[in-house]
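Scroll down for the structure; my scribbles are underneath it.
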Amino acid sequence: MDSRIYILTHKRLTGQLSSIENSELARLSLIPENKTLSEEIAYLWNISNNYFPTKDWNKDAAKDAFYEKIRAPKATPIPTVEPTPVVTQAVTQTSSINWKYIVGAAAGLLFLSWAIYQFVFGNKPQITAKEKIEYANLADDTKVWLDQGATLTVIEESKSSRKVALEGEAFFDVSHDPERPFIIDLGNDIYARVLGTSFKAKSSHEGDGGKISVRDGSVRLYSSKREGFDITLRAGEEGALNPQEDIATKSYSSNVNGLMSGKQEIVFKDEPIEDLFDKLGLHYGVQFVLDEDAQLECPFNRYMHGGTSLDEMLDAVAAVYPNITWTNSDRSTIVVEGNCKEVE
Amino acid sequence: MKEKFNDEEILELLNNNDERAIELLFDRFFDYLCAVVYRVIHDYEAARDVVQDIFLDLWKKRESINVSIALRPYLRRAAVNRGLNYIKRKRIIPNDDEDAAVDIVSQVPSGQAYMEKDELETRIYQVIESLPPKCKLIFGMSRFESMSYQEIANALDISIKTVENQISKALKILRSEVQLFMV
């Protein structure tokens with residue numbers, strides 16, 4: 001049981017906790033000893049993130065070795081020998097015929113794949129987060145952060161409607177438009193409908209129903225096949241709908257906002273960079289000192305896992321604002337310089 | 001005083017065969033990248049070699065290289081990937097002796113009821129350095145590279161259960177050693 005607390009707490013800290021495990025952890029944490037243990041693990045985990053081996057990496061020697069390598073004379077090329085013309089004409093012809101078949105077959109396969117793709121998806125824009133979280137800014141200025149493995153397909157973008165399909169998990173910041181509701185097809189005839197709000201959505205393709213956690217505004221989660229089988233969720237609430245198992249749940253959600261220890265997501269919405277560094281400092285236990293010439297009046301938008309390291313957070317800032325730089329003046333103080341010129 | 005170049009300008013120097021680019025890259029990123037790789041592979045010489053190879057590759061591709069994001073995350077990702085490839089290539093999956101005692105050098109006076117944050121951090125770093133090799137490797141992949149259980153299992157060709165056991169073991173050692181230190 002002791003080991004289970006360690007694993008569940010670690011999964012929570014790294015955003016890998018399933019909803020079942022979340023309940024299990026909540027149940028185990030009712031015992032005061034377990035709760036204390038879990039808090040201690042979280043504390044140590046957060047502090048351990050600052051670990052950065054400070055060694056003498058002998059940069060100058062590495063630099064010298066580098067220059068030695070790039071200036072080394074190139075090896076004398078081995079003289080090429082003209083091949084003896086022993087290949088017969090018949091062999092050459094056979095080879096040529098094979099190539100025709102291969103090219104023809106490949107072209108046919110390509111066309112078939114294209115036709116199938118067109119049949120299934122038409123020309124609908126699609127984005128998939130293959131290896132990392134992907135950000136998409138849709139035509140109506142809705143912002144979407146797709147979790148790793150998630151796919152978003154824009155089904156309709158018209159004067160009267162906005163409709164997308166989601167497979168996997170994503171955080172949405174939907175631009176407000178009372179004339180055009182934003183509808184997300186979560187699979188298995190479950191839909192989420194909003195006018196303008198931010199929330200996290202999970203599709204129901206894995207068989208556990210569509211799930212929504214709302215940060216602000218409200219979201220209606222409903223089944224297109226069962227009238228009246230719906231729930232409306234408001235800020236701070238999360239809910240799930242599973243018509244197959246006749247389950248509709250609604251509860252308070254604690255994981256949709258902000259940069260807090262142990263939360264499964266980190267969401268920044270138009271966060272001024274200056275404030276961002278304050279929050280990162282508090283969260284990661286370091287002090288950010290802003291250079292007096294730094295110009296940091298710019299917004300930062302990002303959705304990341306709760307287990308994100310400080311390096312990754314800083315990398316995310318650098319990816320948007322490459323002119324912002326930072327240097328460690330000592331292990332716990334980081335000086336920030338530069339300005340907010342965005343990457344083009 | 002050294003001239004300040006931004007990422008774009010360094011890349012431009014690189015594209016133009018200007019060796020100042022390499023000087024700047026070494027000065028700005030070498031130590032940082034070595035530390036990043038070391039946190040994954042825990043081998044001083046190998047970490048330096050991995051980072052040096054990254055700079056060599058940059059130089060080889062200098063005329064065609066096109067980096068669309070900031071250099072720091074770009075190089076960091078390259079360093080981590082190479083570190084992980086190094087582990088795979090060398091098949092460095094240490095077999096820890098489950099009963100091996102963790103030998104951690106304590107440098108703090110006894111009887112101290114609490115620790116300053118700096119001291120606590122130092123202690124935690126000592127414990128991390130002293131974890132059994134396999135445990136340290138898996139803990140580092142999770143803590144510093146935010147890799148999921150599945151990703152770690154795939155990278156090291158081990159089961160998710162093994163990853164769970166090693167993470168749990170690392171956290172237990174960390175907690176018990178830091179607690180001992182605090183009493």
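The values are calculated or read from the model by the stated rules, or taken from the named source; none is laboratory data. Keep in mind that this is a model prediction, so the values were computed, not measured. Here the Cβ is made from the backbone with ideal geometry for all residues, glycine too, and neighbour counts use every protein chain on show. SASA here: full protein model, heavy atoms, side chains in, ligands and nucleic acids out. Shrake-Rupley method; radii C 1.70, N 1.55, O 1.52, S 1.80 Å.
Just a few scattered comments:
- Residue check for B:Glu177: closer than 18 Å to A:Ile41 by Cβ, assigned to a helix (DSSP H, G or I), touching a residue at least 24 places away in the same chain (Cβ under 8 Å) and not assigned by TED's automatic domain parsing to the domain that holds B:Ala79: yes
- For the range B:38-61, the condition holds for at least one residue, the condition being that it is open to solvent by less than 10 Å² (accessible area, probe 1.4 Å) and in contact with a Cys (Cβ under 9 Å, 6 or more places away or on another chain).
- Number of positions in the range A:30-42 that are touching a residue at least 24 places away in the same chain (Cβ under 8 Å) and either within 12 Å of chain B (Cβ to nearest Cβ) or not in a helix (DSSP H, G or I) (or both): 4
- Among residues of the range A:189-237 being within 20 Å of the chain's Cα centre (by Cα), open to solvent by 20 Å² or more (accessible area, probe 1.4 Å) and at pLDDT 75 or above, the one that is nearest to A:Val267 (Cα to Cα) is A:Lys202.
- The condition (being touching a residue at least 40 places away in the same chain (Cβ under 8 Å) and closer than 19 Å to A:Ser309 by Cβ) is satisfied by just one residue among B:Glu145, B:Glu129, B:Glu151, B:Glu121: B:Glu145.
- The set of residues from the range A:1-23 being in a helix (DSSP H, G or I) and loosely packed, with under 15 Cβ neighbours inside 10 Å comprises A:Asp2, A:Ser3, A:Ser19, A:Ile20, A:Ser23.
- Looking across the range B:103-146, the residues that are within 14 Å of chain A (Cβ to nearest Cβ), surrounded by 12 or more Cβ atoms within 10 Å (Cβ to Cβ), part of a loop (DSSP other than H, G, I, E, B) and modelled with pLDDT under 85 come down to B:Met115, B:Glu145, B:Ser146.
- Filter result (crowded, with 22+ Cβ neighbours inside 10 Å and part of a loop (DSSP other than H, G, I, E, B)) within the range A:148-184: A:Ala150, A:Val174
- Residues being open to solvent by 10 Å² or more (accessible area, probe 1.4 Å), touching a residue at least 40 places away in the same chain (Cβ under 8 Å) and either more than 10 Å from every other protein chain (Cβ to nearest Cβ) or within 16 Å of B:Asn81 (Cβ to Cβ) (or both) - total across the range B:3-28: 3
- Considering A:Asn50, A:Asn58, A:Asn98, the condition of being at the interface with chain B (Cβ under 9 Å from one of its Cβ atoms) and at pLDDT below 80 is satisfied by A:Asn50 alone.
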